[in-house]
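Read the structure below first, then the notes.
The values are calculated or read from the model by the stated rules, or taken from the named source; none is laboratory data. Source: prediction; values computed, not measured. Don't worry about glycine lacking a Cβ; one is built from the backbone with ideal geometry, like all the others, and counts go over all protein chains shown. Ligands, DNA and RNA are excluded from the accessible area calculation, which covers all protein heavy atoms including side chains. Shrake-Rupley method; radii C 1.70, N 1.55, O 1.52, S 1.80 Å.
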Amino acid sequence: PRKPMVLKAIQEEVDEKGISKAKAQKLALKYADEIASNISYTNVRFLDLVLTWVWNKIYNGVNLHNIEHLKEISKDNEIIYVPCHRSHMDYLLLSYALYNHGLTPPHVAAGINLNLPVVGSLLRRGGAFFMRRSFKDNPLYSAVFDEYLHAIFTSGYSTEYFIEGGRSRTGRTLKPRAGMLAMTVRSFLRDSHKPIVFMPVYIGYEKVFEGGTYQGELRGKTKKKESLLGVFKTLKDLKKNFGRVYLTFGDAIDLNQYLDDKRPGWKAEDHGADYRPAWTTDVVNDLAIDVVTGINKAAALNPINMLALAILAAPKQAMDEAVLAQTLNLYRDLAKDMPYSHLTTLPEGNGSDWIKYAEDMHVVERLNHPLGDIIRMDEAQAVMLTYYRNNVIHLFAIPSMLACLFINNVKMKRDDVVRFAKTIYPYLKAELFLHWQEDEISGVIDQWLDLCVSKGYLTQDGDDLVRPSVSSNNYIMLSVLSQQVIQILERYYIAIALLQRAGTGSVSKDDMVKNCSLM
């Protein structure tokens, strides 16, 4: 309550609500107690023992990638971890991995819904601090939370928060919510003597712990409120096998350098009493997009999400085993020859190995047939595989877009392909958080076209690119590849066609959404 921003908010509380100053101060202290972590390294060591047992029980292992880069930058910088949010397991896994590699577990921003009896206390002593879903219409709470964050940052503690806000129910990286980033930038404007680096973290699961819950919510069930009883009910899941976890640390974003690039001379400016200069809004929004783009850049391929890419592209989600293995090898080879980024990782083995692994994980089932076994899935399996496909669909967005152009065109001039792809790319970039800038994409498209020609998926005939014969195996592979983004492109087409038909200024946003859905 002694900090200027909190004192100001206390006075506003007194003036607006007509309460005594002592009561407003007491409320501020109550908010601080509700928020603050109370990290205990005895508790951390206890959690380490418990989590070691849990991970060995439910997972086949945790694949860590690029942690040496993290260790190097952590020597001279305060790290803010910004992982994707797929599961409640995310923060436990990340803190556990850091602790077991000699790095200090971060203070973790957790939703107030997790401040349950017993569990909340355990999390708080493990480094969690709790935040309400909304600070709206509560300036005193906002001021206390701001000041608490500033105290963490200026003390040099590493911190973790989820830029997506909540867990992704679809497997896609969600549109970022920039609130915590804005608070971080404001704190840095107040005091920039400790260098801050954002570390995007990709966390991928072969089986997500809350899979059954997500399926229910996607079918329209109401999200269940977290409870202590719910925690105990999940203990039965410790008997299940959830495969491997993939944890990749991305390319660090230095906040000082970022502000220098976006706002040269920012250090010499007067940022105002509340450190909210007008220019920070655009900078924070850009930073939020760069963070989630960095998360997607670090995505890891695994047997389950690769199988999802392949089999969900087939009619009725069933495929001849030999064709499925060949398709999986296609994705493996494309990822090897033209990796999405320098952080892209591939699982060991080949298509046949991954099919066997998926069977063992009960993700797919086999239908024996004299002409060759069929690999298929039921409806529930298909829904969950859609989730895992969406984790990595962006890795093949560009070749899939190019394949789409040749499904309905026997041949196209190379210049036309590049032009069409350049026109579509900004939409894909915005939806899938792709990392290439628009002035880079022509070169990337040319590289993919050259690779498709070298693989036989396209043929160069003078200025023209020609697709394979419809009856050929290479056409089948091209067709499967096109399925990754064809639905996205169809949605764009529907929206644009409806807008053109309606004309400028004649349709509301709600009507547009309704018409797209009907179409």
Check your understanding: In the chain, what percent of the accessible surface is made up of carbon and sulfur (1.4 Å probe, ligands and nucleic acids excluded)?
Key -> 53
Study note, to complete from the structure: On the formula 1/(1 + (r/R0)^6), with r taken between the Cβ atoms of ALA318 and LYS262 and R0 of 51 Å, the FRET efficiency rounded to 0.05 is 0.55
Check your understanding: When the Karplus curve 6.51 cos²θ - 1.76 cosθ + 1.60 is applied with θ = phi - 60°, which whole-Hz ³J(HN,Hα) does each residue of the range 160-171 get, with x for Gly and Pro?
Key -> 9, 8, 9, 6, 7, x, x, 6, 6, 8, 10, x
Revision key, fill the gap. Fraction of alpha-carbon pairs in the chain farther than 32 Å apart, rounded to whole percent, equals 50
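When a/c is below 1.5 the answer is rounded, else prolate if a/b is larger than b/c, else oblate, so apply that to the range 109-158 with a ≥ b ≥ c taken from the square roots of the Cα gyration tensor eigenvalues.
Working: a/c = 2.93, a/b = 1.14, b/c = 2.56.
Oblate is the answer for the range 109-158, as a/c is 1.5 or above yet b/c matches or exceeds a/b.
What number comes out for accessible area per residue over the range 288-330 if the probe is 1.4 Å? Units Å², please. Don't skip to the answer; put the middle values down first.
Working: 1060 Å² over 43 residues.
Heavy-atom accessible area per residue stands at 25 Å².
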Exercise for review: Could you tell me what percent of the DSSP beta bridges with both partners in the chain are antiparallel, to the nearest 5?
Suggested key: 50
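Over the range 310-462, consider all pairs of different Cα atoms and compute the Kirkwood hydrodynamic radius from their mean reciprocal separation; express it in Å, one decimal. Don't jump to the answer; show the numbers that get you there.
Working: mean 1/r = 0.0582 Å⁻¹.
Result for the range 310-462, one decimal place: 17.2 Å.
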**Study point:** Most positive-pole-ward Cα, TYR205, THR280, VAL470, against dipole of the chain from beta carbon charges
**Key:** TYR205
**Study point:** Most to least accessible of HIS85, HIS342 (protein chains only, probe 1.4 Å)
**Key:** HIS342, HIS85
Review point. How large is the accessible surface per residue of the range 1-61, computed with a 1.4 Å probe and reported in Å² as a whole number?
Key: 65
Practice item. Name the shape class, rounded, prolate or oblate, that the alpha-carbon gyration tensor gives for the range 38-83, where a ≥ b ≥ c are the square roots of its eigenvalues, rounded holds for a/c under 1.5, and otherwise prolate holds if a/b is larger than b/c and oblate otherwise. Key: oblate
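What is the chain's relative contact order, in percent, from Cα pairs under 8 angstrom and six or more apart in sequence?
Values: 707 pairs, mean separation 75.2, N = 519.
Normalised by residue count, the contact order of the chain is 14 percent.
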Review point. Given H placed on each backbone N at 1.01 Å, which residues far from TYR81 in sequence or on other chains put an amide H within less than 5 Å of it?
Key: THR159, GLU160, TYR161, MET199
Check your understanding: Given the C-alpha centroids of the range 465-519 and the range 325-388, what is the distance between them in whole angstrom?
Key -> 26
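Given a Förster radius of 30 Å and the C-beta distance between ASN515 and THR386 as r, what FRET efficiency does 1/(1 + (r/R0)^6) yield to the nearest 0.05? It would help to have the intermediate numbers written out before the result.
On the way: r = 25 Å, r/R0 = 0.84.
About 0.75, to the nearest 0.05.
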Practice item. Compare the peptides 452-461, 67-76 by average per-residue count of other Cβ atoms within 10 angstrom and give them in order, highest first. Key: 452-461, 67-76
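Would you please classify the overall shape of the range 47-116 from the alpha carbon gyration tensor, given that a ≥ b ≥ c denote the square roots of the eigenvalues, rounded means a/c under 1.5, and beyond that prolate means a/b larger than b/c while oblate covers the rest? Write out the running numbers ahead of the final one.
Details: a/c = 1.84, a/b = 1.21, b/c = 1.52.
Oblate, because a/c is 1.5 or more while a/b does not exceed b/c.
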Practice item. Mind giving me the FRET efficiency for ILE289 and ASN350? R0 is 30 Å, r the Cβ-Cβ distance, nearest 0.05 is fine. Key: 0.25
Practice item. Return the whole-Å distance between the Cα centroid of the range 128-144 and the Cα centroid of the range 69-84. Key: 26
Revision key, fill the gap. For the range 395-519, dividing by residue count, accessible area per residue (probe 1.4 Å) in Å² works out to 54
